[in-house]
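The structure appears right after this line, and notes come after that.
Bear in mind these aren't lab numbers, they're just calculated from the coordinates by the rules spelled out. Note that this is a predicted model, so its numbers are computed, not measured. Cβ placement follows ideal geometry from the backbone for every residue including glycine, while neighbour counts extend to all protein chains displayed.
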């Protein structure tokens, strides 16, 4: 059995995955569609698993295909950086960072954090992966992502428990009809939680996950 990965096959896989189909990938990388199709079959044979499923004219990644895509992106990003450093004499710089973001983290918060990062390192490239915290902590342990922003701490049984720190507090806001809002008001709530605004038939409330409004931090 051949145990050597053919990186040409992996490059073709990446082209099809990012372009959504063989025809589009063929036009993008100037390789004939039959050649791409044959190379993908060889790659699937090598792994022993299907990497795509057809949906009409589109090709969607399977779960194994999504895993392979993450590795392929990192492999070729590192290869491109290597060429820049060795052939063109450029500094390695901050390179590319693979960031995992929990579904529950506000995207505005992530955008502000990235904006600050780009101000410090303008050449930084960031690939963002969104998912459930448990999935992202697992990906961090497998080195599929470099950093995770989540609204919960990693589980204590996680292999190679990462170093973490709190970077802020989030305010939780919800809206409900007057009838539903009244039922919420009958439920005991933690100190610092309150209903704060009403308009028409909607009632909005806010609470903070630390039991009270955010405190000002010392500079």
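How far apart, in nm, are two points set 7 Å out from the Cα along the Cα-to-Cβ line at residue 142 and at residue 167?
2.3
Expected output is a single nm value to one decimal: the length gained when fully extending between residue 119 and residue 49, i.e. 0.36 nm times separation in residues minus the C-alpha distance. What is it?
Answer, rounded to one decimal: 21.0 nm.
Would you mind checking the radius of gyration and Dmax of the range 7-69 based on alpha-carbon positions, in Å?
Radius of gyration, then largest Cα-Cα span, for the range 7-69: 10.4, 28 Å.
Sorted by packing (mean other beta-carbon atoms within 10 Å per residue), highest first, where do 140-149, 52-61 land?
Ranked by mean Cβ neighbours within 10 Å, highest first: 140-149, 52-61.
Rounded to the nearest 0.05, what FRET efficiency is calculated for residue 42 and residue 67 with R0 set to 25 Å and r the Cβ-Cβ distance?
Calculated transfer efficiency: 0.85.
So if R0 is 35 Å, what FRET efficiency would residue 7 and residue 134 give, r being the distance between their Cβ atoms, rounded to the nearest 0.05?
Step by step, r from the Cβ atoms, then E = 0.65.
Using only the C-alpha atoms of the range 1-120, find the volume of their convex hull and express it per residue in Å³.
So the per-residue Cα hull volume is 159 Å³.
Along Cα→Cβ, 7 Å out, is where each label goes; now give me the distance between the ones at residue 85 and residue 18 in nm to one decimal.
Result for the modelled spin labels: 2.0 nm.
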